[in-house]
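The values are calculated or read from the model by the stated rules, or taken from the named source; none is laboratory data. Because the structure is a prediction, the values reported are computed rather than measured. Here the Cβ positions follow ideal geometry from the backbone for every residue, glycine too, while neighbour counts run over all protein chains shown.
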Amino acid sequence: MTKKRGLSRRDFLKLVGTSVVAASASGVLQACGGAEKVTLTLAIQAFAHDAMKPVIEAWEAKTGHTVVLESGPTTGQEMMTKYAPAFQSETSPVDVLSLDDVSGPAFSRAGWLEPLDDVIPAETWGDFPPSFLPPVDEDPFHSYEGKRYRVPHEFAVGYFWHRTDWFEDQNIEVPATWDEFVEVGKHFTSGDVWGTTEGMKKPALTFVYIAYLAASAGGKVFDFDEGTAVALQYAYDMLYTHKIMSETVLTQDYTQQNDLYMKDRVAMMRQWPYFWGVSRDNTDWYAEGKADITLPPAGPAGAKSWWGGWGFSLPKFSEKMDAAKDLIAWVSNNENAPILAEGQSWFVMPRTSILDVMKGGLVPYMGLYSESNALVPRPYHPKQADAETIVDDVSQLYLTKQLSLNEALQQGKDLMAALG
C-alpha cells in the first residue's frame, strides 16, 4: 500500500504556485477574482478523502471557493440508487462525482452528465498511454457519441502474481504462455498446494475471471464467441483435466483466495492490485519474493488483462457549473495526479506524470503492462450489470458440469440476444 505523505507549508505553497501556472497556461482554469464564492460538493469514496484534501485545499486557496467532500457510493448499484432519482428530476446534490464503470456509461447515456471535451485539456488526456485510453469513439466507459464524460482517476487490472521464492528454489522459469502455465501448475500441485487459484463466487467474480481469460484468447465475452469458448474450456481444463486449481474456486471470494495464497498453498494467480498492500501488510508472512508481479501468461491473443476503474464526472444539473468545471480540471491535471497517487494507492495509474514521480510499489508494473500492450478495455455492454450476470450464470453452469460447452455458448448467445 502506498504510504501517505504529509504536505508541508513549503510544499503546499509550491503546489499552489506550480499548479496555477500550469493550469493557466492550458487555458483551463479561469480567474476567479471578484466572482461570487460558492461551496461545491465533491462525492468520492471516504477512504480517498485524506489524499484529496491537500489538492482541494490548494484549489480553495487559489479560488476562494469551498469544497465539501462527501462519502460516495462504493458500487454502481449504490450509485444508481443514490443519485438517479435526483438526476431524473434534473437536480443534483453534488457538483463533481467519482463514477464507476457501470454507473458512468448509464449516466452519460441518460443525458445526466456534462461533456468534458472543453473542460479537461489535451495535456491531461495526453498524460494517459494510448493503450489505456483509446480514441473517444472506441471507449464507451468514458465516452458517448464522440464526447468524453469521465476522466479516469483509478486503475484496476488483474495482475499475474507468483511465488518467486518457490520458482528460484526449484530452478523453474515463470510461465510465459498458457501451455507453460499448465505445466508449471502441475509441478507445484501436490497435497494441499495448488498451481493456481481464483475467486469465482457469484455474483460478478466468475465474469471477472472468464473475461480475463477471454482477453488472452481474443474473445468478446458478451458475444460468447470462439475466443470465449477457448477461455471457458481452458478454465474447465484447469479444474478437471489438469487439476491445477481446486473446484472450491467456484464458491470462493477474493478474501478466501488471498488467504489461500498467504497460507503458502498457491504458486501463482490472477488478482487485483490491492493484493500488493494485503500481502505486504501481512508482516508475519510476507518476505521478498512471496508476492511478485509479471506479465500474464500469453494465450492465443497474447499476454492480456482487462482494466477498469473509476473517474471524475460533472453532473449536468449542478447549479455551480463554472466552478465545478474549474475544480474537475484541477483535481485531474498532470500536477495533481502524482500528489493524489502518493496519498492513496487507489489513485496510482499509468499516467506519465505519476510514473515520472513514483518509482516503486506498483508503478513499475503498471508501466510494464502498459508498455507491453497487455492492457485491454473492460468488456462493455449498454446493459452492463445484466450482461455480466449472464456471463456469471452461464459460465458457472458449464464449470459445474450442468451444461456442455456448446450448450453454454448457445444459452449465452440466446440470453444476450434477449437482453438486447
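Being of a type in the set (A, V, I, L, M) and part of a loop (DSSP other than H, G, I, E, B) narrows it down to one of Leu409, Leu403, Leu368, Leu340, so name that one.
Values: Leu409 fails: part of a loop (DSSP other than H, G, I, E, B); Leu368 fails: part of a loop (DSSP other than H, G, I, E, B); Leu340 fails: part of a loop (DSSP other than H, G, I, E, B).
From the options Leu409, Leu403, Leu368, Leu340, the qualifying one is Leu403.
Does any residue in the stretch 298-319 that is touching a residue at least 24 places away in the same chain (Cβ under 8 Å) and charged (D, E, K, R) come within less than 9 Å, Cβ to Cβ, of a residue that is surrounded by fewer than 23 Cβ atoms within 10 Å (Cβ to Cβ) and part of a strand (DSSP E or B) six or more places away or on a different chain, and which pairs are these?
From residues that are touching a residue at least 24 places away in the same chain (Cβ under 8 Å) and charged (D, E, K, R), the pairs are Lys304/Ala298; Lys304/Leu375; Lys304/Val376.
On the given criteria, is Gly185 in the same structural domain as Leu295 (by TED's automatic domain parsing), in contact with a Gly (Cβ under 8 Å, 6 or more places away or on another chain), part of a loop (DSSP other than H, G, I, E, B) and small (Gly, Ala, Ser)?
Working: in the same structural domain as Leu295 (by TED's automatic domain parsing): yes; in contact with a Gly (Cβ under 8 Å, 6 or more places away or on another chain): yes; part of a loop (DSSP other than H, G, I, E, B): no; small (Gly, Ala, Ser): yes.
The answer is no for Gly185.
On the given criteria, is Glu288 in a loop (DSSP other than H, G, I, E, B), outside the structural domain of Val174 (by TED's automatic domain parsing) and in contact with an Asp or Glu (Cβ under 9 Å, 6 or more places away or on another chain)?
Values: in a loop (DSSP other than H, G, I, E, B): yes; outside the structural domain of Val174 (by TED's automatic domain parsing): no; in contact with an Asp or Glu (Cβ under 9 Å, 6 or more places away or on another chain): yes.
In short, no.
Pick out the one residue from Leu295, Leu327, Leu362, Leu355 that is surrounded by 20 or more Cβ atoms within 10 Å (Cβ to Cβ) and at pLDDT 95 or above. Even if it seems obvious, please write down each step before you answer.
Details: Leu295 fails: surrounded by 20 or more Cβ atoms within 10 Å (Cβ to Cβ); Leu362 fails: at pLDDT 95 or above; Leu355 fails: at pLDDT 95 or above.
Testing whether each residue is surrounded by 20 or more Cβ atoms within 10 Å (Cβ to Cβ) and at pLDDT 95 or above leaves just Leu327.
Listed here are the residues, each with its yes/no results for (1) without any contact (Cβ under 8 Å) to a residue 60 or more places away in the chain; (2) more than 18 Å from His153 (Cβ to Cβ); (3) among the charged types (D, E, K, R).
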site: His65; (1), (2), (3): no, yes, no
site: Gly76; (1), (2), (3): no, no, no
site: Lys82; (1), (2), (3): yes, yes, yes
site: Ala86; (1), (2), (3): no, yes, no
site: Leu116; (1), (2), (3): no, no, no
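Glu198 is checked against (1) closer than 30 Å to Val96 by Cβ; (2) touching a strand residue (DSSP E or B) at 6+ places or on another chain (Cβ under 7 Å); (3) buried (at least 20 other Cβ atoms within 10 Å of the Cβ) and fails just one. What number does that condition carry?
Exception for Glu198: condition (1).
Which residues, counting only those in the stretch 196-225, are part of a helix (DSSP H, G or I), within 20 Å of Gln402 (Cα to Cα) and out of contact with any Ser or Thr (no Cβ under 9 Å at 6 or more places or on another chain)?
Leu205
How many residues does the stretch 291-329 contain that are assigned to a loop (DSSP other than H, G, I, E, B) and over 27 Å from Glu173 (Cα atoms)?
Residues of the stretch 291-329 that are assigned to a loop (DSSP other than H, G, I, E, B), as a first pass: 291, 295-297, 300-301, 303-304, 309-310, 314, 316-320.
If we keep only those that are over 27 Å from Glu173 (Cα atoms) as well, we get 309-310, 314, 316-320.
Qualifying residue count for the region: 8.
Would you point out the residue of the stretch 264-287, among those that are over 22 Å from the mean Cα position of the chain (by Cα), in contact (Cβ under 8 Å) with a residue 12 or more places away in the chain and over 22 Å from Trp346 (Cα atoms), that is surrounded by the fewest Cβ atoms within 10 Å (Cβ to Cβ)?
If we take residues in the stretch 264-287 being over 22 Å from the mean Cα position of the chain (by Cα), in contact (Cβ under 8 Å) with a residue 12 or more places away in the chain and over 22 Å from Trp346 (Cα atoms), then Ala287 is surrounded by the fewest Cβ atoms within 10 Å (Cβ to Cβ).
Quick one: what pairs do we get from the stretch 148-167, first residue assigned to a helix (DSSP H, G or I), second at pLDDT 95 or above and crowded, with 22+ Cβ neighbours inside 10 Å, C-beta under 7 Å, 6+ apart or different chains?
What qualifies is Trp166/Ala267.
Could you tell me how many of the residues in the stretch 62-85 are more than 28 Å from Pro203 (Cα to Cα) and of a type in the set (Gly, Ala, Ser)?
1
From the set of residues in the stretch 253-278 that are in a loop (DSSP other than H, G, I, E, B) and in contact with a helix residue (DSSP H, G or I) (Cβ under 8 Å, 6 or more places away or on another chain), which is modelled with the highest pLDDT?
Within the stretch 253-278, the first condition is being in a loop (DSSP other than H, G, I, E, B), and the residues that meet it are 253, 263-265, 272-274.
Still in the running and in contact with a helix residue (DSSP H, G or I) (Cβ under 8 Å, 6 or more places away or on another chain): 253, 272-274.
Values: Asp253: 93, Trp272: 89, Pro273: 85, Tyr274: 82.
The extreme case among them is Asp253.
Every residue in the stretch 386-400 that is part of a helix (DSSP H, G or I) and either surrounded by fewer than 17 Cβ atoms within 10 Å (Cβ to Cβ) or not small (Gly, Ala, Ser) (or both), please.
Asp386, Glu388, Thr389, Ile390, Val391, Asp392, Asp393, Val394, Gln396, Leu397, Tyr398, Leu399
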